[in-house]
Amino acid sequence: MPAEQQPLRRDAELNRQRLLTAAHEVFRERGLSATLEDVAHHAGVGIGTAYRRFANRDALIDALFEDMMSRVEEIGTEAAKDPDAWRGLSTSLELVCELQTFDRGLRDIMLGTGRGRRRQKLVAERIKPAVDAMIQRAKDQGILRTDIEGWDLPMIQLMVAAITDHTGQPDLWRRYLHLILDGMRVGGSDGTTLPVVPLPTGQPPSLNR
């Protein structure tokens, strides 16, 4: 590559990273209803620059999905290093729930139609084996219920994410995740208290919100 073209390559990569960061922020708040133009505006670049880096919105979402997958894989890798299988499993579940609870875009990407099914297949191929290994290790250590399965964890993630959607209280999900974890643990609660968060007052939140 001629030397005079190298700064252009660096600028292109900077613009790509700027667009990915903006996409994280825009999709986190608005879900996938946001457009590539919205992301470009948030990133402070022209729409032409956005289209040079990503052919269309689906290409941007694919890149964002890959970035999210890498983050989840990192969490799983760290959990696998913990000699306490229960601590590794419960901590990784809480961290992934934290990512998903505050990120509408992540939930839309994972559960959407069309490419959503292909992405779910990639999750099964890349993430599920590590999750299954964590679960088996916790069972072998005698701390996790023997009837827990790998696909129970993403269902738990969906449940706790719905708490934020329907109540609007950003930390309330932590209380109910700990209740679920107590139900997964052999012998029930480990004696720790539930996270202290303000509980809703008045009528229960509507599920049709």
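The values are calculated or read from the model by the stated rules, or taken from the named source; none is laboratory data. Remember, it's a predicted structure, so these values are computed and weren't measured experimentally. Neighbour counts are summed over all protein chains in view; Cβ atoms, including those assigned to glycine, are modelled from backbone coordinates with ideal geometry. The protein model used for the area step is the full one, side chains on, heavy atoms only, and it has no ligands, DNA or RNA in it. Shrake-Rupley method; radii C 1.70, N 1.55, O 1.52, S 1.80 Å.
Computed values, structure above
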quantity	calculated
Answer residue from the range 1-23, given it is modelled with pLDDT of 85 or more and of a type outside the set (D, E, K, R) and is surrounded by the most Cβ atoms within 10 Å (Cβ to Cβ) among those	A23
Answer from S70, S90 - the residue that is open to solvent by less than 60 Å² (accessible area, probe 1.4 Å) and in contact with a strand residue (DSSP E or B) (Cβ under 9 Å, 6 or more places away or on another chain)	S90
Per-region count, the range 148-179, residues assigned to a loop (DSSP other than H, G, I, E, B) and either open to solvent by less than 30 Å² (accessible area, probe 1.4 Å) or among the aromatic types (F, W, Y) (or both)	3
Any hit, the range 182-201, residues being modelled with pLDDT of 85 or more, in contact with a Cys (Cβ under 7 Å, 6 or more places away or on another chain), surrounded by 11 or more Cβ atoms within 10 Å (Cβ to Cβ) and not aromatic (F, W, Y)	no
Odd one out for R53, checked against (1) under 22 Å from the mean Cα position of the chain (by Cα); (2) over 30 Å from R137 (Cβ atoms); (3) basic (K, R)	(1)
Those residues of the range 25-48 which are open to solvent by 30 Å² or more (accessible area, probe 1.4 Å), assigned to a helix (DSSP H, G or I) and in contact (Cβ under 8 Å) with a residue 24 or more places away in the chain, in sequence order	R28, E29, R30, L32
Candidate set: the range 125-147, residues that are surrounded by fewer than 14 Cβ atoms within 10 Å (Cβ to Cβ) and modelled with pLDDT under 90; chosen: the one farthest from P83 (Cα to Cα)	E125
